[in-house]
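For reference, the structure discussed in these notes is given below.
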Amino acid sequence: MKKYSFITLVLTALVLLITVSGCKKYLDVNRDEDTPQNPDASSVFPAMLGAIPRGLQFDARFASKYIQNWGANTTANAGVFDFMSYTGGSDNNGDIWRQCYFGLGKNLDYIIENGTSKGQWDYVGAAQVLKGMMFQYATDYHGEIIFKEAFLENKAFFKYDDQETIYKGIDSILRLGISNLSRTDNEVTTVRLIKGDYVYDGSNAKWIKFAWGLMARNAHRITNKPSYNADSVIAFCNRSFTTPTEDFLIPFDAAKNDDANFLGTFRNNLALYRQSDFVVRLLDGTVLAGVTPSPANAFTRDPRMRHLLTCSEDTANGNGGFRGVGPGTGDAFAALTGVYVVGSANWLNARKRVPAPWADSVYANPSASVFNPLYKHYLFADRVVMPVMTASEIQFIKAEAALRKGDAATALTAYNSGINFHFDFINRSTMPRGNVVLFTGNPITANERSTYMGSANVKTTAASLTLTDIMLQKYIALWGWGFFETFVDMRRYHWTDVDPVTNVQVYKTFVLPVVAAENFGKPVYRVRPRFNSEYVWNRDELLRIGALNGDYHTYECWFSKP
């Protein structure tokens, strides 16, 4: 009996010893042995690149209507955004906010802190560049945002900063990024940027050029202020992209829903969107060449039109069948979806419908939830790239800055480069990660390009170049992807400002919609903060800055004021 009692006592003690020594590990239910608790920057960085399209493309659905890249296919489908308004009590148009504070935010800070501790200065610099970029998008879209107190722990409410403070902070962050990307003392035993960077394959030089492009954007926003410095903007542009091979392009693999292009057929987000009448008129010679489109003056059509836009079955409208919708008006023939007697009025009108963005004469999504390589029009294929910045854009920034400075010769050279670089962008024969090319059918030929560059659409002398010429060509080059840059530009010109040389509206023939009642007759100038994080939890700050007012979205931002 004593023997068994002794054995039991020993076993009990052993069990207690094992239990006590192992309880901390056993109870640490948040520890996953298969998942690194402190991953290397190289493991986190690819997800940061992948998070960028989430913010930009989701909100592109709304910004694209403000700037009339697209409009609704029918009047019935025209929503509040067609009329420059917003959806109350909703996170619609809140994904740039989400990108800044959730998608990228603390993850970029982790890369910066982790990379600093390991001497991975390339990762640190690239993360700082992305951090500057995310704050730039957020403040340009929303105005006042959380900046100084962003990501502070143990806080439930956060103070908003004024935009001037944020702009200066972005400048500082970008300069830090450039400095770290320029370092040559990376710890030799650490993983280098090439492992996690699928945009530039670890090229510090290209990341630095991207950063200088962001600096140019930041400095160029304030063209209406006495402090605007055209020389600085030009200097930043000169340090940025000099060829389309340096464009910042995020590729989609299209292996599953989440890595397919948000604007492609598979994800089916553009079924109710149609190209605008404004962009059609920019491309068919109506606005820039001042002609009435007809077969006789087909040479004035922009050869980029067939690559950017889609045409109807009826091509007898003078410009080859390209049509668009007005702001909030929809397509008058969109309801004609039946089978009609050939030659009847309904048959004739059905052939005039404005197509969806995915292919010519396509009026409904041909492959929702199905990857179909046949549908690969411009930037609306499933497996394509999403531009964040291009060399063409940089040249147009330089052109505008130079013209404002009074250097028309430099402006003309940059203006021509901007147009040509956009032709080159469309014509690229190879894309990152084997993504589909952007041209439809065959690339733009040298003859087509030279004919256009010599037409009335393009100014050929420094004396004749105007802000209107630059801004309308920039609008074309950014169409279909640079929604937020165009939104900034149009607000800088207060939508309808007049060109001082021509005494005609800079955005010539652009017509504002009949705005929603809550606008009180004013156009949109900003987007309200994200509903679920701000209107639910941070209302005191919203009250302070006026964001609880129904027309807050019409309050002009600091950057566009004198």
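Data overview
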item	result
Tensor-based shape of the stretch 235-283 (alpha-carbon gyration tensor, a/c under 1.5 rounded, otherwise prolate or oblate)	oblate
For the stretch 91-234, projected area of the alpha-carbon convex hull averaged over all directions, nm²	10.0 nm²
Stretchable slack from residue 461 to residue 316, in nm (0.36 nm times residue separation minus alpha-carbon distance)	48.8 nm
Whole-angstrom gap from the stretch 236-311 to the stretch 510-562, using each part's C-alpha centre	29 Å
FRET E, pair residue 110, residue 540, Förster distance 22 Å, beta-carbon r, rounded to 0.05	0.15
Förster radius 51 Å - calculated FRET efficiency between residue 271 and residue 168 (Cβ-Cβ, nearest 0.05)	0.75
Carbon/sulfur fraction of accessible area - the chain, other protein chains in place, 1.4 Å, %	57 percent
Taking the stretch 410-562 and dividing mean pair separation by its residue count, relative contact order in percent (alpha carbons under 8 Å, at least six apart)	16 percent
Average accessible surface area per residue within the stretch 415-508, 1.4 Å rolling probe, Å²	34 Å²
Hits among aspartates and glutamates - C-alpha to C-alpha of residue 256 under 19 Å, sequence gap 8 or more where chains match	382
Contact order relative to length of the stretch 228-331, as percent, for alpha carbon pairs under 8 angstrom and 6 or more apart	20 percent
Net charge over other residues, Cβ less than 15 angstrom from the Cβ of residue 291 (K, R count +1; D, E count -1)	+1
Distance between modelled label sites at residue 509 and residue 431, nm, 7 Å Cα→Cβ extension	2.9 nm
Helical mean residue ellipticity (222 nm; -39500 (n - 2.57) per DSSP H run of 4+; nearest 500) of the chain	-13000 deg cm²/dmol
Accessible area per residue, Å², the stretch 240-378 with all protein chains present, probe 1.4 Å	39 Å²
Of every Cα-Cα pair in the stretch 492-562, the percent that sits beyond 17 Å	56 percent
Relative contact order (percent, whole number), the stretch 58-107, Cα cutoff 8 Å, 6+ residue spacing	35 percent
Approximate spin-label separation residue 372-residue 245, in nm, with each point projected 7 Å along Cα-to-Cβ	3.7 nm
Estimated FRET transfer efficiency (residue 154, residue 339; beta-carbon r; R0 41 Å; 0.05)	0.05
For the stretch 173-286, the spread of Cα positions along each principal axis, largest first, Å	52, 48, 23
41 Å tail of the calculated P(r), the chain, as % of Cα pairs	26 percent
Kirkwood-based shape ratio for the stretch 218-346, expressed as Rg/Rh from alpha carbons	1.09
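The values are calculated or read from the model by the stated rules, or taken from the named source; none is laboratory data. Bear in mind that the values here come from a model prediction, so they are computed numbers and not experimental data. Note that each Cβ is placed from the backbone with ideal geometry, even for glycine, and that neighbours are counted across all protein chains shown. Note: accessible area is taken over every heavy atom of the protein model, side chains too, but ligands, DNA and RNA are not part of it. Shrake-Rupley method; radii C 1.70, N 1.55, O 1.52, S 1.80 Å.
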